[in-house]
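Here is the structure we will look at.
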Amino acid sequence: YINFDANLDYVFYLENASFRPGISYRRASYDNPAIYDHTYYYADFDTEFKNTFRHISTLAFSLLNDWRITSNFRLVTGLRFDKYDKDFNSNNTLTWQIASTYRLNKDNLLRGVYATANRSPFIFDSYLNVETDAYWNLFYFDFTEPIGTPIKLYLKGQTHNELVNVSTIEFGWRSKYS
């Protein structure tokens with residue numbers, strides 16, 4: 001596989017805040033018999049590589065803001081927009097985060113976060129094309145040995161899957177013991 005990553009961001013400081021815009025580009029290229037157009041049968045152990053690369057590209061823009069509202073209260077917000085290449089997956093996503101901290105005293109800090117995120121596309125979710133044999137062992141109460149049932153598995157990726165999205169809520173208390 002070949003990966004190329006490029007990231008650029010810069011922090012701008014104001015009196016009680018900072019802003020960090022950024023841009024990110026990633027291109028991953030894979031050449032593997034398990035992702036070719038023809039079905040790869042694992043039992044053959046045929047590992048002939050054909051220089052038939054599959055590619056995934058992501059272009060992302062982000063903005064992170066950090067505000068110190070008072071000497072004890074801080075607010076952090078972030079946005080990120082991801083655009084996935086059109087021949088792979090036409091999903092574009094916007095994720096965000098809001099977090100705050102409140103310092104009770106020099107040794108105790110309360111924090112809270114609400115954030116959204118998505119799992120980016122993965123090469124095998126989209127391009128896997130594999131056939132294999134497996135056995136499903138059935139256990140019966142009156143037999144001590146399992147009964148093996150042969151199964152033929154076909155694993156086929158799909159290039160237009162919906163991305164997995166997650167929302168997270170966190171609350172915490174940090175304390176320093178003196």
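Miscellaneous remarks
- If you go through region 56-76 and pick out every residue that is under 22 Å from Asn165 (Cα atoms) and open to solvent by 30 Å² or more (accessible area, probe 1.4 Å), you end up with 5.
- Residue match in region 86-97 (condition: among the hydroxyl-bearing types (Ser, Thr, Tyr), closer than 25 Å to Arg27 by Cβ and open to solvent by less than 70 Å² (accessible area, probe 1.4 Å)): yes
- Single match in Thr159, Thr149, Thr116 (criterion: at pLDDT 75 or above and within 30 Å of Tyr30 (Cα to Cα)): Thr116
- Within region 161-178, considering residues that are exposed (fewer than 10 other Cβ atoms within 10 Å of the Cβ) and not polar (S, T, N, Q), the one nearest to Asn129 (Cα to Cα): Glu162
- Residue pairs meeting the criteria (Cβ under 7 Å; at least 6 apart or on separate chains; first at pLDDT 95 or above and acidic (Asp, Glu), in region 50-76; second part of a strand (DSSP E or B) and open to solvent by less than 60 Å² (accessible area, probe 1.4 Å)): Asp66/Ala17; Asp66/Ser18; Asp66/Val76
The values are calculated or read from the model by the stated rules, or taken from the named source; none is laboratory data. Please read all numbers here as calculations on a predicted model, not as lab measurements. With ideal geometry, Cβ positions are generated from the backbone for all residues, glycine too; neighbour counts draw on all protein chains shown. Just so you know, the surface numbers come from the protein's heavy atoms only, side chains and all, with ligands and any DNA or RNA stripped out. Shrake-Rupley method; radii C 1.70, N 1.55, O 1.52, S 1.80 Å.
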